[in-house]
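Notes for the one structure printed next.
The values are calculated or read from the model by the stated rules, or taken from the named source; none is laboratory data. Just so it is clear, the structure is predicted and the values come from calculations on it, not from any experiment. Cβ: placed from backbone, ideal geometry, glycine included. Neighbour counts: every protein chain shown. Side chains included, ligands, DNA and RNA excluded: accessible areas come from the protein's heavy atoms. Shrake-Rupley method; radii C 1.70, N 1.55, O 1.52, S 1.80 Å.
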Amino acid sequence: MKTFLLFVLFPVILFSQTSTMMKNLDDTQKKILLNLVKEDAKVSIFSIQHQQYLDSILIILPKEAFFWQQKAMPLFKQKKYELGMVYLNKAVELDKTNHYKEYRAFIKCVFQKNYTEALNEFKALSEENENGVIMDHPYTFWMALCYLQLNQFDVSKKYMEKAVAFGKKYNEVNPYEMFYLGVIEYEKGNYQEAIKNLDISLKYYKDFADAKYYKALSLARTDKKEEAGKLLLESKENFETGKSFNEGNSLYETFPYQVSRLSYVSIEAL
């Protein structure tokens, strides 16, 4: 469904963005640009043709950061990180806001898995806007993930707790933030705390396979082997029916500690 919506909505987004960028173009340029956008809407965003149409659009609008970012986005989703970053850096250079800078920090965290650079960028962004949000999470969430992947669990916990507190100000509890708090406690050996946080995650995302998986591991560490085994089987069943990560980009890139079929190979050993 998400992939379908991406293809349906992309032409609409492109047309809406283009309409605000044409005010300084002459009639001939406008006509050419609209035709390029129209033809581009007929091809896959992952195709070479899409990149070629964007190249033509950028000849007319070379200083529009949006179109440079649009060249980068599908490349990241095809795991062509180095090439995509060339275009995203150009978007950041042209943008007068921090919009593409925060997007780049997110890309470095989740796609490139360049956690040190991502942290540096999020720290700089936080100095300008401590309440910044990207991809439905505050900056502190992404910073916590970076520290988690660098095995700095205490610092990761501090930032994830800030992300949770940010949501509570708006009466929101995010199951992924609670999931990661559980994972952090699991890594720290605090298995009861891990279970407590994972239960909260499951309260807001019923049958979340990943939360059940790490809860099962935590239960096993507290000698509740039978309960852990049953829960791990439930987790696998939930995973097989798609009750795993459904974050906006998890379709294209694996998030930290996201379970996979390989994760369940250990089920017999447990």
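Tabulated results
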quantity: Surface accessible to a 1.4 Å probe, residue 64 within the full protein complex, Å²; calculated: 60 Å²
quantity: Normalised contact order of the range 64-119, rounded percent, pairs of Cα under 8 Å and 6 or more residues apart; calculated: 31 percent
quantity: Cβ-placed point charges (K, R +1; D, E -1), dipole of the chain about Cα centre in debye, nearest 20; calculated: 260 debye
quantity: Furthest towards positive pole of dipole, 174, 213, 29, structure part the chain, Cβ charges; calculated: 29
quantity: Heavy atoms of residue 56: accessible area, 1.4 Å probe, square angstrom to 10; calculated: 40 Å²
quantity: Largest-first ordering by accessible area, 1.4 Å probe, given options 57, 32; calculated: 32, 57
quantity: Residue with peak Gaussian network fluctuation, the chain [Cα springs, cutoff 10 Å], from 252, 139, 180; calculated: 252
quantity: Solvent-accessible ranking of 59, 200, 195, largest area first, probe 1.4 Å; calculated: 59, 200, 195
quantity: Sequence-distant aspartates and glutamates (8 or more away, or on other chains) whose Cα lies within less than 12 Å of residue 196; calculated: 185
quantity: Cα Rg, Dmax (largest Cα-Cα span) when computed across the chain, Å; calculated: 21.4, 74
quantity: Size of electric dipole in the range 35-90: Cβ of Lys, Arg +1 and of Asp, Glu -1, about Cα centre, debye, nearest 20; calculated: 140 debye
quantity: Relative contact order [Cα under 8 Å, 6+ residues apart], the range 60-178, whole percent; calculated: 15 percent
quantity: Computed accessible area, residue 133, all protein chains, 1.4 angstrom probe, square angstrom; calculated: 70 Å²
quantity: Cα-Cα over 25 Å, subset of 157/203; 108/215; 169/215; calculated: 108/215; 169/215
quantity: Contour minus Cα-Cα distance for residue 42 and residue 206 (0.36 nm per residue); calculated: 55.2 nm
quantity: Proximal lysines relative to residue 63, as straight alpha-carbon distance under 20 Å, when same-chain residues fewer than 8 apart are discounted; calculated: 23, 30, 31, 71, 90, 96, 101
quantity: For the range 63-73, 3J(HN,Hα) per residue [Karplus equation, 6.51 cos²θ - 1.76 cosθ + 1.60, θ = phi - 60°, Hz, x = Gly/Pro]; calculated: 9, 8, 4, 3, 6, 5, 5, 5, 5, 6, 3
quantity: MRE, 222 nm, helices only [DSSP H, n ≥ 4, -39500 (n - 2.57), over the chain, to nearest 500]; calculated: -21500 deg cm²/dmol
quantity: Candidate aspartates and glutamates for bridging to residue 162, where Cα separation is under 14 Å - those fewer than 8 sequence places away on the same chain excluded; calculated: 130, 154, 172, 177
quantity: 245, 46, reordered so the largest accessible area comes first (probe 1.4 Å); calculated: 46, 245
